[in-house]
Amino acid sequence: MQRNYRSRFSLDMNIGLGHSLEQGYIDPTGESTTHNSQFYFPGKLSLGIWLNKRK
């Protein structure tokens, strides 16, 4: 969601769904690792001020 206001103020909000997956492997000693999988919600909030003149 992005909003620009008349007072030259800008607001930008983002949120989503992410997935992280680690693959397993066999290390030099012969032991194997397990797979690690998880979901997460990354988010971002940006605030800004417009510096140029309004048209």
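Assigning unit charges at the beta carbon (Lys, Arg +1; Asp, Glu -1) and nothing else, what dipole magnitude in debye, to the nearest 20, does the chain show about its Cα centre?
Roughly 1160 debye, rounded to the nearest 20.
Per the Cauchy relation, a quarter of the hull surface: what is the mean projected area of the convex hull of the alpha carbons in the stretch 1-48, in nm²?
With every direction weighted equally, the projected area is 4.7 nm².
With a point put 7 Å past each Cα toward its Cβ, work out how far Met13 is from Tyr40 in nm, to one decimal.
In this crude spin-label approximation the distance works out to 2.2 nm.
So if we plug the beta-carbon distance of Leu47 and Gln23 into 1/(1 + (r/R0)^6) with R0 = 30 Å, what FRET efficiency do we get, rounded to 0.05?
Efficiency for this residue pair is about 0.20.
Within 11 Å, Cβ to Cβ, of Asp12, how many net charges do the neighbouring residues add up to if Lys/Arg are +1 and Asp/Glu are -1?
+2
Any read-out appearing in this document is the output of simple, stated calculations on the displayed coordinates, not a laboratory observation. All figures in this text were calculated on a predicted structure; none of them were measured in a lab. Using ideal geometry, Cβ is built from the backbone for each residue, glycine included, and neighbour counts are taken over all protein chains shown.
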